[in-house]
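Participant: Before anything else, here's the structure in question.
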Amino acid sequence: MLVLGPVSDMSRTTDRRGGRSDAPRVVVVDDSPFMRGLIGDLLTDAGVAVVGEAGDGAEALSVVAETRPDVVTMDVEMPGMGGIEAVGRLMAETPTPVLMLSAHTAEGADVTFEALERGAVDFFAKPGGEVSTGVSREADRLVEAVRSVADADLEAATRDRRPRSAPTTGSASDVDLAEPLTAVVGASTGGPKAVERVLSALPMTDCRVLVVQHMPEAFTPRFAERLDSASAYDVREATDGDRIGAGEALVAPGGSHMRVGSYRAGRLRVKLVDEDAVGGDAPSVTPSVDVTMRSAAETVSDPLVGVILTGMGDDGSVGIRAMAEAGARTVAQSEDTCVVYGMPKRAVGTGAVDSVCDLDDVAGAILGGAA
C-alpha cells in the first residue's frame, strides 16, 4: 500500500450543493505504476490532493478505508479484484464517490454501465482505450470530472439502483394525449441511470423523445440499447436524417450535436452537425443539450416539453429558456434527487422552469400530470 502525503486530517469543508472550497482528496487505483503516476501528476498539478494509490481492487479497499478520500479514480481491468467488483465492495464497506476510468470502446461501455449500476458516480473514457498521452491532452476534462464526482451526492447515486420494469407495450396507448408531444431530455453526471428511470416510467403514448446525455461516441450506441430494453419506447442512437414518430426516441450520438431539422404531421427529423456547424457561441460539450433544445423550440409546432436532469455545468440553461419562450413546458430534476445539482440548478436560475420534480415524478411531469 502506498499512501502519498499525510492522512491525519480526514475532514474537508463540505457543501455538496455549493461546492467545496478546498481541493478534493483522491485515491488513484490502477494496476500500472506508470499510469498511477501519470494520473496522480495530472491531478496534483491541477491542485487536487492525491492521498493514496492502489494497484488492484483489494488494495484499493484498504487504502480507501485508511485515507477516507473524497473520490476514487478506479481502473476497470486489473488483476485479482477488478474495478467492477471493487466498486460493489466499496459501496458496501466504505461508501465513496467513484470515477471509473474505462476504455473508449464498446466493451469499455459495457463494463462502465455495470460499474454505474453498482454505485459508481461517473466515468472518464480513456482516449484510444489507454491512459497515455491522450489523458495528458485531456487533463482539464479529467480534473473537472474528479471535482464533479467529489461533489456528488453519493446517496442519490446509489439509491434505487435497480431500474423500473419497462411498461408493457401494446397497440393501444397507455395514456391518451390531445395532441402529439415532443420531449427533449438533457443530462450529464449521474444521467445514465436517471434517464433510464424516466424513460422506463414513461407510458406509451403519442410522444416522441430526444435524449442528450454527455457521453463519448463509443458509449452512446450501448446507452441507446439499454434505454430501448428498459422502456416501452423504440429507442436508438440517432443518425443524420433520422425520423421518429409516436412511441420512438433518439439518443444524440457522442461527438455530434443533434438538431431538429423539420417537424411535420407528428414526425420529427434530426440533423447531426459538428461543432463548426453550430455557429454563434460554441457549446462547451458535444453533444449539447442547448443545441437540441434551441432547434426544437424553433421547429416543433405541437406541444413541447424540455427536461433537465442531473449533471455538472450549465448546458441546457440556454436551451430551456429558448423552449420556455417558445411556449414549451419546462421541468428540472429536484436538488434532493440529483447526483450533481449543476445543470438543473442553472436551468432553475434562468427563471424559465415551470416545475421542479423528484426523479420519479419526472415522467408524469412530461405528460402534464396525465401519467
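The values are calculated or read from the model by the stated rules, or taken from the named source; none is laboratory data. Treat the numbers as computed from the prediction; the structure is a model and nothing was measured. All Cβ positions, even for glycine, are placed from backbone atoms using ideal geometry, and neighbour counts span all protein chains on display.
Participant: Can you name the number of the only condition in (1) of a type in the set (S, T, N, Q); (2) in contact with a strand residue (DSSP E or B) (Cβ under 9 Å, 6 or more places away or on another chain); (3) surrounded by fewer than 23 Cβ atoms within 10 Å (Cβ to Cβ); (4) at pLDDT 95 or above that Ser188 fails?
Facilitator: Here Ser188 clears every test but (3).
Participant: For the stretch 97-125, how many residues are buried (at least 24 other Cβ atoms within 10 Å of the Cβ) and either among the polar types (S, T, N, Q) or assigned by TED's automatic domain parsing to the domain that holds Thr189 (or both)?
Facilitator: Number satisfying all stated conditions: 2.
Participant: Separate question: If Cys357 satisfies all but one of (1) surrounded by fewer than 24 Cβ atoms within 10 Å (Cβ to Cβ); (2) in contact (Cβ under 8 Å) with a residue 60 or more places away in the chain; (3) out of contact with any Phe, Trp or Tyr (no Cβ under 9 Å at 6 or more places or on another chain), what's the number of the condition it fails?
Facilitator: Status for Cys357: all satisfied but (2).
Participant: I'd like the residue in the stretch 41-60 that is touching a strand residue (DSSP E or B) at 6+ places or on another chain (Cβ under 9 Å) and surrounded by fewer than 20 Cβ atoms within 10 Å (Cβ to Cβ) and, out of all such residues, is nearest to Asp153 (Cα to Cα).
Facilitator: Ala49
Participant: Okay, moving on. Report, by residue number, each residue of the stretch 273-301 that is of a type in the set (Asp, Glu) and at pLDDT 95 or above.
Facilitator: Restricting attention to the stretch 273-301, the residues satisfying the condition of being of a type in the set (Asp, Glu) are 274-276, 281, 290, 298.
Those that are of a type in the set (Asp, Glu) and at pLDDT 95 or above: Asp290, Glu298.
Participant: Which numbered condition trips up Pro97, out of (1) without any contact (Cβ under 8 Å) to a residue 12 or more places away in the chain; (2) under 26 Å from Leu227 (Cα atoms)?
Facilitator: For Pro97, the failing item is (1).
Participant: Out of the stretch 97-124, which residues are in contact with a helix residue (DSSP H, G or I) (Cβ under 8 Å, 6 or more places away or on another chain), of a type in the set (D, E, K, R) and part of a helix (DSSP H, G or I)?
Facilitator: Asp110, Glu114, Glu117 - these are the residues of the stretch 97-124 that are in contact with a helix residue (DSSP H, G or I) (Cβ under 8 Å, 6 or more places away or on another chain), of a type in the set (D, E, K, R) and part of a helix (DSSP H, G or I).
Participant: Sticking with this structure for a sec: Among (1) of a type in the set (A, V, I, L, M); (2) at pLDDT 95 or above; (3) out of contact with any helix residue (DSSP H, G or I) (no Cβ under 7 Å at 6 or more places or on another chain), there is one condition Val51 misses while meeting the rest; what is its number?
Facilitator: (3)
Participant: Then there is this: Kindly indicate whether Thr299 is surrounded by 20 or more Cβ atoms within 10 Å (Cβ to Cβ) and among the hydroxyl-bearing types (Ser, Thr, Tyr).
Facilitator: Values: surrounded by 20 or more Cβ atoms within 10 Å (Cβ to Cβ): no; among the hydroxyl-bearing types (Ser, Thr, Tyr): yes.
Criteria not met by Thr299.
Participant: Does the stretch 273-290 contain any residue that is within 26 Å of Glu179 (Cα to Cα) and in a helix (DSSP H, G or I)? Explain how you work it out, then say what you get.
Facilitator: Quick first cut of the stretch 273-290, residues within 26 Å of Glu179 (Cα to Cα) only: 289-290.
From the residues that got through so far, the ones that are in a helix (DSSP H, G or I) too are 289-290.
Yes, the stretch 273-290 has at least one match.
Participant: Return yes when Ala232 is modelled with pLDDT of 95 or more and under 18 Å from Pro180 (Cβ atoms) and no when it is not.
Facilitator: yes
Participant: Please work out which one of (1) crowded, with 20+ Cβ neighbours inside 10 Å; (2) of a type outside the set (D, E, K, R); (3) modelled with pLDDT of 95 or more; (4) not in a strand (DSSP E or B) is the condition Val270 fails and give its number.
Facilitator: Val270 satisfies all of (1) crowded, with 20+ Cβ neighbours inside 10 Å; (2) of a type outside the set (D, E, K, R); (3) modelled with pLDDT of 95 or more; (4) not in a strand (DSSP E or B) except (4).
Participant: Another question, then. Filter the stretch 210-228 down to residues that are among the aliphatic types (A, V, I, L, M) and part of a strand (DSSP E or B) and give me whichever is nearest to Ala296 (Cα to Cα).
Facilitator: Per the criteria, the residue is Leu210.
Participant: Out of Val285, Val289, Val270, which single residue is under 27 Å from Asp140 (Cβ atoms) and touching a strand residue (DSSP E or B) at 6+ places or on another chain (Cβ under 8 Å)?
Facilitator: Testing whether each residue is under 27 Å from Asp140 (Cβ atoms) and touching a strand residue (DSSP E or B) at 6+ places or on another chain (Cβ under 8 Å) leaves just Val289.
Participant: OK, next. For the stretch 95-114, indicate whether the set of residues that are farther than 23 Å from Thr189 by Cβ, out of contact with any Phe, Trp or Tyr (no Cβ under 8 Å at 6 or more places or on another chain) and at pLDDT 95 or above is non-empty.
Facilitator: no
Participant: Continuing with this model, one more query. Could you please find all residues in the stretch 326-371 being within 21 Å of Pro180 (Cβ to Cβ) and either in a helix (DSSP H, G or I) or at pLDDT below 95 (or both)?
Facilitator: Val362, Ala363, Gly364, Ala365, Ile366, Leu367, Gly368, Gly369, Ala370, Ala371, listed by residue number.
Participant: Going through Glu66, Glu77, Glu85 one at a time, which residue ends up being of a type in the set (Asp, Glu), assigned to a loop (DSSP other than H, G, I, E, B) and either surrounded by fewer than 18 Cβ atoms within 10 Å (Cβ to Cβ) or in contact with a Phe, Trp or Tyr (Cβ under 9 Å, 6 or more places away or on another chain) (or both)?
Facilitator: Answer to the selection: Glu77.
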